[in-house]
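The values are calculated or read from the model by the stated rules, or taken from the named source; none is laboratory data. Since the structure is predicted, the reported quantities are computational estimates derived from the model, not experimental observations. FYI the Cβ positions are ideal-geometry reconstructions off the backbone, even for glycines, and counts take in every protein chain you see. Just so you know, the surface numbers come from the protein's heavy atoms only, side chains and all, with ligands and any DNA or RNA stripped out. Shrake-Rupley method; radii C 1.70, N 1.55, O 1.52, S 1.80 Å.
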Amino acid sequence: MPAKVRYSLIDERPLVSVIVPGCNHAEVINQCVESVLASRYLRMEIVLVDGGSTDSTARIMQGLAQQHDRVRFLSDAPAGEGAALARGMDAALGDILVVVEAEAVCASGTLLHLLEGFDHPKVGAVRLLDGTAAFRNEAVREVGGFPPGTPVRVLELAQRVHKAGYRVRSRPAGHSIGEVVHTIT
C-alpha cells in the first residue's frame, strides 16, 4: 500500500506578508522588525503601517523600509491601529497574512510554526495560543477583510473565516510572539 501523502503548505513556499500596524511605538518597532527579519522562513515581506503616530514611529518605519528590501512602509492609514491593520491587509501581496503587534518580538521559528498549522487546503486561519494569527489571504478577502475603524480583533476575523467554511487551527505557543520588555529608569 503506498504511503499517504501529507499536505503541507510549507511545501508550496507561499509568500508570507507580516503586517505590523503601529501607533506611537517608536521605542519598540526596531526590535519587532529585526526579530521578524531573523525568521528561519525567508519568503516574506514585512508591511509596516503607521496609524497616525505623534512620536517618531513613522520615521523609524520609513527608515527600516529603506534599509531592508523585504520591508515596505505605508503611512496613509487613518488614525488608529485597527485602520492601520486594515490598510496593511489590503496592501499585502502574500498568500498568507500574519498579524504581528508592534511591541512584539518573534522567535525565529514563529512563521514556520504558523505555516505548519496549514495542514489542509481548507485551513483558512491558524492561531497560536498567545493570540498571534495567520490567515490565507483568499479567506480574508472572501469575508470582506478587516473593516477599517474597528479595534484590532484578530479573533473576530478568525471567527468570520470559520463561518465562511474554512477550518481554523490552534497551535501551542511554543514558538510564539512575546512582548518586548521595557526598562523603567
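Worth a mention:
- Some residue of region 56-68 being in contact with a Ser or Thr (Cβ under 8 Å, 6 or more places away or on another chain), open to solvent by less than 40 Å² (accessible area, probe 1.4 Å), closer than 16 Å to T132 by Cα and not basic (K, R): no
- Selected residue (criterion: surrounded by the most Cβ atoms within 10 Å (Cβ to Cβ)) from residues of region 13-43 that are outside any loop (DSSP other than H, G, I, E, B), out of contact with any Cys (no Cβ under 7 Å at 6 or more places or on another chain) and aliphatic (A, V, I, L, M): V18
- Within region 75-97, if we keep just the residues that are surrounded by fewer than 21 Cβ atoms within 10 Å (Cβ to Cβ) and aliphatic (A, V, I, L, M), the residue that is modelled with the lowest pLDDT turns out to be A79.
- Region 104-131, subset in contact (Cβ under 8 Å) with a residue 40 or more places away in the chain, in contact with a helix residue (DSSP H, G or I) (Cβ under 7 Å, 6 or more places away or on another chain) and not aliphatic (A, V, I, L, M), residue farthest from L85 (Cα to Cα): E116
- Extreme residue, surrounded by the fewest Cβ atoms within 10 Å (Cβ to Cβ), among residues of region 98-142 that are in contact with a His (Cβ under 6 Å, 6 or more places away or on another chain) and more than 12 Å from P21 (Cβ to Cβ): G109
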